[in-house]
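A quick write-up on the structure given underneath.
Computed from the coordinates by the stated procedures, all read-outs in this text should not be read as laboratory data. All values derive from a computational prediction rather than experimental measurement. Note that each Cβ is placed from the backbone with ideal geometry, even for glycine, and that neighbours are counted across all protein chains shown.
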Amino acid sequence: MIRHIVALRFPAETPQQTKDDLYTALAGLKSHIDGILSFHASRNVTVEPLSRGFDDLFWFDFQDSAVRDAYLVHPAHQAIGARIVAETEGGVDGVFVFDVEVP
């Protein structure tokens, strides 16, 4: 299984509704791409001052790397990704992606 983790740095004035709309759109990808096992989104709750502004997070669990790769090029993902980049602080600099293998 591949866990695809994405941390986001939104400007402070970004409304929660904007974030929720993006997460709803991302969650909807499960119905378009076979092999997406789950989707989750959360806000950072750490008390440590080390997040560097990346205070919003979402992740997908993919059956395997082939599903992750299909997700990356899927037109619906590309469209949502463009919306995310448009909303994050510094555009692509406001997005941090990390994939890990989960046994």
| said: For segment 1-18, which positions are over 12 Å from A86 (Cα atoms) and under 12 Å from the mean Cα position of the chain (by Cα)? | reply: R3, H4, I5, V6, A7
| task | Could you list, in sequence order, all residues of segment 81-103 that are closer than 19 Å to I33 by Cβ and surrounded by 17 or more Cβ atoms within 10 Å (Cβ to Cβ)? | result | G81, I84
| query | When you scan segment 68-84, how many residues do you find that are aliphatic (A, V, I, L, M) and farther than 16 Å from F10 by Cα? | reply | 5
| said: Quick check on my filter: what residues within segment 21-51 are surrounded by fewer than 16 Cβ atoms within 10 Å (Cβ to Cβ) and within 18 Å of V85 (Cβ to Cβ)? | reply: D21, T24, A25
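For (1) touching a Gly at 6+ places or on another chain (Cβ under 6 Å); (2) without any contact (Cβ under 8 Å) to a residue 24 or more places away in the chain; (3) among the polar types (S, T, N, Q), each residue gets a yes or a no:
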| residue | (1), (2), (3) |
| --- | --- |
| P11 | no, no, no |
| Y23 | no, no, no |
| S38 | no, yes, yes |
| V45 | no, yes, no |
| G53 | no, no, no |
| Q63 | yes, no, yes |
| A70 | no, no, no |
| T88 | yes, no, yes |
| V97 | no, no, no |
| said: Out of the residues in segment 73-86 meeting the condition of being of a type in the set (A, V, I, L, M, F, W, C) and either touching a residue at least 40 places away in the same chain (Cβ under 8 Å) or touching an Asp or Glu at 6+ places or on another chain (Cβ under 7 Å) (or both), tell me which one is farthest from S31 (Cα to Cα). | reply: I84
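Suppose the filter is charged (D, E, K, R), surrounded by fewer than 15 Cβ atoms within 10 Å (Cβ to Cβ) and either more than 17 Å from I2 (Cα to Cα) or touching a helix residue (DSSP H, G or I) at 6+ places or on another chain (Cβ under 7 Å) (or both); does D56 pass it?
no
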| Which ones in segment 46-80 are hydrophobic (A, V, I, L, M, F, W, C) and closer than 20 Å to D34 by Cβ? | F58, W59, F60, F62, A66, V67, A70, L72, V73, A76, A79, I80
| field | Qualifying positions in segment 22-67 - of a type in the set (D, E, K, R) and over 25 Å from P11 (Cα atoms) | value | K30, D34, D61, D64
